[in-house]
1. Just one of (1) in contact (Cβ under 8 Å) with a residue 24 or more places away in the chain; (2) open to solvent by 50 Å² or more (accessible area, probe 1.4 Å) trips up LEU154, so point out which.
2. Quick test of your reading of the structure: ASP124 fulfils all but one of (1) over 16 Å from the mean Cα position of the chain (by Cα); (2) modelled with pLDDT under 95. Name the failing condition by number.
3. Please state which one of THR142, THR146 is crowded, with 20+ Cβ neighbours inside 10 Å, more than 20 Å from LYS78 (Cα to Cα) and among the hydroxyl-bearing types (Ser, Thr, Tyr).
4. Could you grab me the full set of residues in segment 31-67 that are farther than 23 Å from GLU8 by Cβ and surrounded by 14 or more Cβ atoms within 10 Å (Cβ to Cβ)?
5. Those residues that are surrounded by fewer than 20 Cβ atoms within 10 Å (Cβ to Cβ) and under 17 Å from TRP111 (Cβ atoms), I need them from segment 157-187; list them, please.
6. Which ones in segment 68-93 are open to solvent by 40 Å² or more (accessible area, probe 1.4 Å), part of a loop (DSSP other than H, G, I, E, B) and without any contact (Cβ under 8 Å) to a residue 24 or more places away in the chain?
7. Would you confirm whether any residue within segment 94-111 is touching a helix residue (DSSP H, G or I) at 6+ places or on another chain (Cβ under 9 Å), without any contact (Cβ under 8 Å) to a residue 24 or more places away in the chain and either closer than 14 Å to TYR38 by Cβ or not in a helix (DSSP H, G or I) (or both)?
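The values are calculated or read from the model by the stated rules, or taken from the named source; none is laboratory data. Note that the structure is predicted; figures quoted are calculated from it, not measured. Glycine also receives a Cβ, built like all others from the backbone with ideal geometry; neighbour counts cover every protein chain displayed. With ligands, DNA and RNA removed, areas are computed over all heavy atoms of the protein, side chains included. Shrake-Rupley method; radii C 1.70, N 1.55, O 1.52, S 1.80 Å.
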Amino acid sequence: MQSAVYAELDWTPDIQAAGIGVGVVDDVVTLSGEVDRYAERVAAKRAALRVKGVRAVIDHLTVHPRGGWPVGEAEIAKAVDRALNISAKVPETVKAEVNGHTVTLTGEAEWNYQRTAAKHAVRDLPGVSDINNMITLTPRPTAADTADRIRRALTRNALLDARSIAVTAAGDTVTLMGTVQSWAEKRQAEQAAWASPHVAHVDNQIVVSGL
């Protein structure tokens with residue numbers, strides 16, 4: 001598995017794999033070392049999760065550009081503000097705080113995809129080493145059939161075997177349990193749950209079997 005993860009990192013064009021170390025214990029991969037950009041750190045984690053048999057990834061990577069930090073705190077703040085403003089998916093209620101090279105996103109969004117879009121808007125910016133996504137969702141009305149609606153959405157999804165996933169709902173919180181064969185399937189199930197207008201929290205306990 002370690003060799004496979006190294007190969008996948010090397011195969012991914014937007015990763016400088018030479019600076020990344022890989023450790024494996026019981027199908028759990030630990031990534032260590034330094035990368036140039038936050039986006040590269042995200043790409044490395046996703047690459048490791050694509051490898052068959054990997055059940056979890058521990059991210060110990062740090063962002064440290066080889067040529068030194070290209071911009072300072074003030075420049076990062078300006079770039080973050082501009083990136084959030086030009087993104088059609090990010091609502092005006094989302095704000096950002098910059099401390100050193102760490103960006104903290106705050107405010108409120110109506111949908112989870114907007115919260116995700118805000119993070120995506122700033123992760124490729126020069127000088128960003130870490131992102132804390134603290135954006136909350138607007139209050140949701142509860143519905144008695146929330147779990148049933150999500151189950152039907154899972155059944156419609158061509159990438160999922162809905163029979164292997166259990167869905168429970170308590171108020172505006174949904175819990176997903178069961179077993180899937182890849183992290184891509186686990187993400188698909190979670191996205192289906194987030195699409196409900198009655199969900200403010202998703203507890204994704206689905207296990208990746210790696211079989």
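1. (2)
2. Just one mismatch for ASP124, condition (1).
3. Working: THR142 fails: crowded, with 20+ Cβ neighbours inside 10 Å.
Result: THR146 is the single residue among THR142, THR146 that is crowded, with 20+ Cβ neighbours inside 10 Å, more than 20 Å from LYS78 (Cα to Cα) and among the hydroxyl-bearing types (Ser, Thr, Tyr).
4. Step one: filter segment 31-67 for residues farther than 23 Å from GLU8 by Cβ, giving 65, 67.
Correct list: PRO65 only.
5. Those that are surrounded by fewer than 20 Cβ atoms within 10 Å (Cβ to Cβ) and under 17 Å from TRP111 (Cβ atoms): ASP172, THR173, ARG187.
6. Of everything in segment 68-93, those that are open to solvent by 40 Å² or more (accessible area, probe 1.4 Å), part of a loop (DSSP other than H, G, I, E, B) and without any contact (Cβ under 8 Å) to a residue 24 or more places away in the chain turn out to be ALA88, GLU92, THR93.
7. Let us first name the residues in segment 94-111 that are touching a helix residue (DSSP H, G or I) at 6+ places or on another chain (Cβ under 9 Å), namely 94-101, 103, 105, 107, 109, 111.
Adding the requirement that they be without any contact (Cβ under 8 Å) to a residue 24 or more places away in the chain leaves 95, 97.
This time we only want the ones that are either closer than 14 Å to TYR38 by Cβ or not in a helix (DSSP H, G or I) (or both), so: 95, 97.
The answer is yes; a qualifying residue exists.
Here is a yes/no grid of residues against (1) over 9 Å from ILE135 (Cα atoms); (2) in contact with a Pro (Cβ under 6 Å, 6 or more places away or on another chain); (3) small (Gly, Ala, Ser):
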position: ALA83; (1), (2), (3): yes, no, yes
position: VAL90; (1), (2), (3): yes, no, no
position: GLU97; (1), (2), (3): yes, no, no
position: HIS101; (1), (2), (3): yes, no, no
position: LEU105; (1), (2), (3): no, no, no
position: ARG115; (1), (2), (3): no, no, no
position: LYS119; (1), (2), (3): yes, no, no
position: ARG123; (1), (2), (3): yes, no, no
